[in-house]
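A short worksheet on the structure shown next.
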Amino acid sequence: MKGRFAPSPTGRMHLGNVYCALLSWLSARSQGGVWLLRIEDLDPQRSRPEYARQIEDDLRWLGLVWDEGASQGGHAGPYLQSLRSDIYRHCLDRLWTRGLVYPCHCSRADIMATQAPHEMDGRIVYAGTCRPDHMKGNADITLLPPPQTPVPPSGKLRLYVPDVDVEFEDRHYGSQRVNLASHCGDFLLRRADGAWAYQLAVVADDALMGVTEVVRGRDLLLSTPQQIWLARLLGLPVPSYCHHPLLNNTTGQRLSKRDRSLDMGLLRQHYKPSEILGHLAHVSGIIHRYEPVSATELLSVFDWNKVPQQDICIGDDISGK
Ligand code: GLU
């Protein structure tokens with residue numbers, strides 16, 4: 001059994017990121033599993049090595065120790081996505097050769113103008129404007145003609161997605177059934193600036209790193225059918241998925257890097273690791289009464305059934321008073 005934490009080094013971790021790391025760590029360790037740390041630095045504009053170093057330092061400070069990761073290596077590395085381009089290129093080539101990928105020239109503004117945000121989570125489903133004619137309608141993916149040209153060296157690339165339902169069992173949110181065409185649409189494999197898309201990288205990495213359980217926030221629940229579909233197309237194993245509720249601030253919004261009062265820089269000035277972990281364990285029902293506690297101490301009481309499905313509201317004062 002192998003779990004993972006896969007943060008993007010685009011800023012200091014906040015309490016919501018710590019919550020994700022803690023649940024993923026507890027889930028893996030309570031099953032006697034290995035836990036790995038993968039740094040998802042795909043976005044060259046927003047990722048910084050110093051943020052990656054801070055993430056590692058914050059996790060160590062919290063006592064969330066990992067077995068494989070960027071700074072200590074492991075047999076499935078490298079653990080920095082920026083060093084794994086050859087793997088993503090190979091995956092893209094395989095999809096391209098099967099005629100499943102097409103270049104897209106739509107700007108974000110073009111897409112916003114043609115499509116209303118999706119009612120469920122505000123995402124935009126691509127209308128298929130750049131789809132080649134032979135992919136219009138609901139083409140059979142086994143009958144698509146192989147492309148006559150090699151993969152274009154630059155520009156956006158999209159995966160053709162047929163009108164199929166993907167079903168999966170989320171360990172925390174139960175049975176899910178999502179229509180790929182209407183809920184996700186043709187999704188990006190490579191961005192306009194040449195950066196690899198999250199969906200492609202995460203599928204290749206989870207499979208090649210031997211990850212068997214993905215624990216992450218429920219904001220990524222709708223990415224899961226896309227990832228399962230991609231894994232199937234690439235003949236890669238599909239991990240089990242366990243999404244968790246999100247931590248929201250007092251105005252009901254998901255904690256983000258803008259909620260400075262709950263970022264690890266400030267939290268570390270005011271609290272001990274055991275106080276932060278005790279608070280998180282308490283608000284998510286893992287312990288009944290607030291008390292300072294170490295990650296290891298939580299292992300014996302951790303149970304996914306205690307974790308709520310609905311999101312959790314967090315105020316600025318996490319001292320448990
Ligand atoms: N890198 C993503 C993030 O920080 C998480 C990806 C995942 O867990 O699949 O939001």
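Every number here is computed from the coordinates shown, using simple stated rules; none is lab data. Being a predicted model, the structure only gives us computed values, none of them experimental. Here Cβ is always computed from backbone atoms with ideal geometry, including for glycine, and neighbour counts include all displayed protein chains.
State the extension gain, in nm to one decimal, for the chain segment bounded by Ser261 and Ala113, taking 0.36 nm per residue of separation less the distance between their alpha-carbons.
Between Ser261 and Ala113, full extension yields an extra 49.6 nm.
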* Candidate lysines for bridging to Lys156, where Cα separation is under 23 Å - those fewer than 8 sequence places away on the same chain excluded -> Lys136
* Structure fact -> Most exposed to least, judged by fewest other Cβ atoms within 10 Å, Cys20, Cys106, Cys313 sort to Cys313, Cys106, Cys20
* Asked: Using alpha-carbon pairs under 8 Å, 6+ residues apart, how would you state the relative contact order of the stretch 127-179 in percent?
  -> 26
* Asked: Based on the Cβ-Cβ distance from Lys306 to Ile124, what FRET efficiency comes out when R0 is 45 Å, to the nearest 0.05?
  -> 0.80
* Structure fact -> From fewest to most C-beta neighbours within 10 Å, the residues Met13, Met1, Met135 line up as Met1, Met135, Met13
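At a 10 Å Cβ-Cβ cut-off, how would you order Val164, Val214, Val178, Val202, fewest neighbours first?
Val164, Val178, Val214, Val202
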* To do: Run down the lysines and flag those whose C-alpha is under 17 Å from the C-alpha of Lys272, throwing out any fewer than 8 positions away in its chain.
  => Lys321
